[in-house]
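First comes the structure, then the notes that go with it.
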Amino acid sequence: MNIESIKSVYFVGAGGIGMSALVRYFLSKGKIVAGYDRTPTPLTENLIIEGAQIHYEENVHLIPESCKDKETTLVVLTPAVPHEHKEMEYFRNNGFEIQKRAQVLGTITRSSKGLCIAGTHGKTTTSTMAAHLLYQSHIECTAFLGGISKNYGTNLLLSQKSPYTVIEADEFDRSFHWLSPYMSVITATDPDHLDIYGTEEAYLESFEHYTTLIQPGGALIIRKGIALQPKVQAGVHVYTYSRNEGDFHAENIRIGNGEIFIDFVAPDTRINDIQLGVPVSINIENGVAAMALAHLNGATDKEIKQGMASFHGVDRRFDFKIKNDKIAFLSDYAHHPAEIKQSVQSIHELYKDKKITAIFQPHLYTRTRDFYKDFADSLSLLDEVILIDIYPARETPIPGVTSKLIYDNLRPGIEKSMCKKEEILNILKDKNIEVLITLGAGDIDNYVPEIKKLLEMKVLHS
C-alpha cells in the first residue's frame, strides 16, 4: 500500500513518543488519523487537539467507521503492544495491512535522503541536535524524533523543500532493519534489549546488518572505539568521531561557569569557539556527531555555529527544571547503565562540590536482571540513591527481580533508600537537597512537576 492511496491511518499505541511523530505526519498529509493508547498523557491530549481521534479502552467498537475499510486504511502498531490485543486481533482477522512504525519510516526514507542516528544511547539528543542544525540552516529537513525538541515543542519537523529526513533509528526488536539510510551515525553499541537479542554477539550482529543498509554514495559516521565492525557496501564513506579524536572531534574544550565552548575539527574545516546551547559534557560528543552530519550535508560553518548555540535540548534529556545558586533539579531519561554513568559524570563536572542525589526507576524486569550489577556500579558514583520499583512497560514480573538487586550491590557507605513512587514527595520533604536528578524511562516523569514545586517551596523557606 503506498502512502498516497491511504485515506485513514489507525495507530495501536498512538501515544508512544515515536508513534506520535507519525500521527502528526499523517495529520499533516490530510489523512484521517485515529488510534488507541492505554492511558491519557499530555502527549495524547495534544494529538487530540491536533485532530487525531484517540481512545483509551481496548474496544473494537471504538474504532471509527472511517478506519474499518481495509482497502484504504493502514494500521500501525508499536512492538510494545501484546499479540492478543483485541483491536489488533480484529485488524489481523479482517485482512488489514498492518505495519510496524519502523516499516512506515522505512517507506518514508526510501522517498527521501534518510539521515539516521542509531546507537544504544545518545541517539535522541544527537538526532534532535542534527535536525535543529539542518532545519535552521538553508538546507532544512523533515525529522521524526524520539523526544520532544525544546526548540520546536514537538517531535516532528516538516519541510516542503528539503530532500533530507532525520530519523532516530531504534534497535529494539530490530526495527532499524526496515530503514534505508543515506547517511547514518552510530553512537554506541553497549548491549541492551537482551530479552530480544539473547547475547551481546547477536546485538552487535544486528548493528552490523544495519550498516549494510546504508546506500552507496552515502556515509557512516561511527564513534571511535566501539565494538562494532561495520560491513558497509562499496561506495559508502566511513568516518570516525569522538570527543577527542577521529575524523571529526573537538579541541580546546572549555568548561566553566555553567558554559561549554569547543572548537569543532572536521577533515576539511575547523569551526572555533562553538558554544553548546545545552552545556553538559556528554553533548560535546553528541554535538560532534550532529555537526559532522550537518556539515557533510551542506550546512555552512556559520549555520552550524549558530545552531549549536541556539539548541535548547530535548524534554527529559538532561532537562533542568530548577537551576539557581541554592538548588539544581533535573530530569533525565537515562535507563541503561552506560547512559546513567555518563549522566552522573556530566553532573559531577558541573557541580564539583555539591551533594548529588538521584531517584532511579529501573525500566523493565529483563534489563534489571541482565544489568543490575552495572546499574549499581553507575549509581555508586552518586552521593545518594533513592530507588523505586521497576517500571514494567510491556513485561510481566520475573520472580526475584526487584530494585533490591541494585540496592544490595551499591558501594558500601553510600546513602541509599528504597520507596514506592507514591512516597517520593514525603521522603524528599525532610532531605537536604543540593543537586537532584530523576533517572529512568518509565512514569517517574509524572512526579517531576510536584517535585519541582516542593523544592521551590524549600528554597523559599530556607
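The values are calculated or read from the model by the stated rules, or taken from the named source; none is laboratory data. Predicted model only: the values in this text are computed from it and were never measured. Don't worry about glycine lacking a Cβ; one is built from the backbone with ideal geometry, like all the others, and counts go over all protein chains shown. Surface areas here come from the heavy atoms of the whole protein model, side chains and all, with no ligands, DNA or RNA. Shrake-Rupley method; radii C 1.70, N 1.55, O 1.52, S 1.80 Å.
Some values worked out for this structure:
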quantity: Highest to lowest packing among 281-294, 163-176, 50-63, scored as the average C-beta count within 10 Å; calculated: 281-294, 163-176, 50-63
quantity: Value of relative contact order over the chain, rounded to a whole percent, pairs C-alpha under 8 Å and six or more apart; calculated: 11 percent
quantity: Charge sum, other residues only, whose C-beta stays under 10 Å from V9's C-beta, Lys/Arg counted +1 and Asp/Glu -1; calculated: +3
quantity: Accessible surface ranking that places the most exposed of Y365, Y90 first, with a 1.4 angstrom probe; calculated: Y90, Y365
quantity: Alpha carbon Rg of segment 44-104, scaled by the compact-globule rule 2.2 N^0.38 Å; calculated: 1.13
quantity: Net lengthening on full extension, T72/V60 (0.36 nm per residue, minus Cα-Cα); calculated: 2.5 nm
quantity: Segment 1-138, Cα convex hull volume normalised per residue, Å³; calculated: 130 Å³
quantity: Too-long pairs where the Cα-Cα distance tops 19 Å, listed order kept, from K150/K420; K354/K421; K224/K373; K70/K100; K7/K68; calculated: K150/K420; K354/K421; K224/K373
quantity: Computed over segment 69-212, the ratio Rg/Rh where both radii use C-alpha atoms and Rh is Kirkwood; calculated: 1.00
quantity: Residue-normalised accessible area of segment 112-310, expressed per residue, 1.4 Å probe, Å²; calculated: 35 Å²
quantity: Share antiparallel - DSSP beta bridges, the chain, percent rounded to 5; calculated: 25 percent
quantity: Most positive-pole-ward Cα, I32, S5, T78, against dipole of segment 1-106 from beta carbon charges; calculated: S5
quantity: Carbon + sulfur, % of accessible area of segment 353-407 - ligands and nucleic acids excluded, 1.4 Å; calculated: 53 percent
quantity: Kirkwood-Stokes translational diffusion coefficient of segment 218-290, alpha-carbon pairs, 25 °C, 0.890 mPa s, µm²/s; calculated: 188 µm²/s
quantity: Calculated on alpha-carbon atoms, Rg and Dmax of the chain in Å; calculated: 22.1, 65
quantity: Debye-sum result for segment 112-310 in log10 I(q)/I(0), which assumes one identical scatterer on each alpha carbon, at q = 0.14, 0.19 Å⁻¹; calculated: -0.75, -1.37
quantity: Pairwise Cα inverse-distance average, inverted: Kirkwood Rh of segment 319-461 (Å); calculated: 15.2 Å
quantity: Expected-Rg normalisation [2.2 N^0.38 Å, Cα atoms] applied to segment 273-333; calculated: 1.27
